[in-house]
Amino acid sequence: MDNDLLSKYGGPVPRYTSYPTAPHFHDGIGGGTYAQWLRALRPAGGPVSLYLHVPFCRQLCTYCGCNTKITRQYGPVADYADLLAREIALVAREIPERLAVSHVHFGGGTPNILAPDDFVLLLQRLKRAFDISPETEIAVEVDPRHLTRDMVRAMASEGVNRVSMGVQDLNPEVQQAINRVQPLGVVSGAIEMLRDAGIDRINLDLMYGLPEQTMERLLRTVDLAADLGAQRIALFGYAHVPWMKTHQRLLEKFARAGAHGRFEQAEAAALRLAEHGYRRIGLDHFARPGDELLTAQAAGDLRRNFQGYTTDTAETVLAFGASSIGRLPQGFVQNAPDVGGYRRAVLADTPATVKGVALDDDDRLRGGIIEALMCDMAVDLDRFGGAAAYGAELARLHELAADGLVRIDGAKVSVPEAARPFMRVVAAQFDGYLHAPAGPKGGRHSMAV
């Protein structure tokens, strides 16, 4: 890749797991609004998804950008599990009719920090409030260092059928730098436990651009991850945002690849995954042939949300826990980011929503365009009001087209395969908030490549 293109287009842009993106949420959306939106939900709107956030870890991984707290005692986690159970009941009470569920996702933090009994209790509370069937995908993010047989048995007993495992890198030099030491045997042992329990849909999360991560070390990690037989692999770029996550300053003493080096790492890893039989999906996901993500992609049904690329087509995501973000037909809502604020709201028997954004017609159109570009690398603007409605956007795209990053054919806009790493840059041209007359607003974003 031309260094000039990386210099020109490699700056910060949103990851577009939502539109509008989270920096544009505001405190004009609170618990009262969320309750009104919940009361408007009906089964005719289709199945919903459920997301539960567990913001606790036993140890700080210094690369981490998640909203999490470190605790070595179980007391705060047990207290939090009780709050989640209360919030489930609170939200269900506002919904007039019982709703079917297509997906359940436990994210973190470290969801498997929960005691098995508490995990079972939470899923039973969900099943009491919603229609969760054997076909519902129930996914849990796990830290392999803290996965026990008791927890695996609890997960299997409650119908968990997908696990996403944080691996990041399998070289001791990198693991020590990022304060996440987990030898290959720990990871393979966790996978073996899961498969023995019948949970064989396993995703592995890897990262490039980490401190002390050379090309050789990254490709070794890719080879080892492929040998573990994961159904899906996600390859994320390390986002160095010390102005948001101050603990990342601890990593500044270590060597990290620059923009060109990051690009080379990402593309080399993608090629190596292809050699292992994985097919590329969107920006950063890979799956083996026959996977549901590939089927959805071929059918034009691939979606993108806060968990990344998904087969989940639900229009409503009900989110539980501190900092969790939900989506309803009317807009996005986010709970209090701090556990203390979340606790006060739940114990007061009120929704913990502290901000969000109501969607208007323009948001929905632009969100659809951005999602199509991120999922399909192409969009037909005639599906979203016609090319004439996007004159300013097409004018910006013509500059990108001159650099080979996009093709424009009437109302059809597509990203060439060689420009896949820049799809966020192309999508950003349709972001009405980034290009508002007052200029970009909100927080800073990760680098485009």
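Readers should treat all values here as calculations from the given coordinates under stated rules, not as data from a laboratory. Keep in mind it's a predicted model, so treat the numbers as computed, not measured. In this analysis, Cβ positions are derived from the backbone assuming ideal geometry, glycine residues included, and neighbour counts consider all displayed protein chains.
Quick rundown of the values:
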| read-out | value |
| --- | --- |
| Percent RCO, i.e. relative contact order, over the chain, from Cα pairs under 8 Å lying at least 6 residues apart | 22 |
| Beta bridge orientation in the range 11-358: antiparallel %, DSSP, nearest 5 | 35 |
| Separation of the Glu252 and Ala388 label points, Cα + 7 Å toward Cβ, nm | 5.3 |
| Potential lengthening between Asp200 and Glu267 on full extension [0.36 nm per residue; Cα-Cα distance subtracted] | 21.3 nm |
| Listed peptides 210-219, 101-110 by packing density, highest first (mean Cβ within 10 Å) | 101-110, 210-219 |
| Normalised contact order of the range 48-196, rounded percent, pairs of Cα under 8 Å and 6 or more residues apart | 25 |
| Nonlocal amide H pairs with Ser164, under 5 Å, H built at 1.01 Å | Val140, Glu141, Val142, Asn203 |
| Length-normalised contact order for the range 167-219 - Cα pairs under 8 Å, 6+ apart - percent | 51 |
| Label-point separation, Leu60 to Asp79 (7 Å along Cα→Cβ), nm | 2.0 |
| Student exercise, the range 1-143 dipole from Lys, Arg, Asp, Glu Cβ charges, in Debye to nearest 20 | 300 |
| Gain on full stretching of the segment that runs from Asp361 to His276 - 0.36 nm per residue minus C-alpha separation | 26.3 nm |
| Peptide ranges 365-375, 316-326 listed from the most packed, as the mean C-beta count within 10 angstrom indicates | 316-326, 365-375 |
| Ordering of 36-44, 282-290, 421-429 by packing [mean C-beta count within 10 Å, highest first] | 421-429, 282-290, 36-44 |
| Extension gain from Lys69 to Arg153, taking 0.36 nm per residue of separation minus the Cα-Cα distance | 27.6 nm |
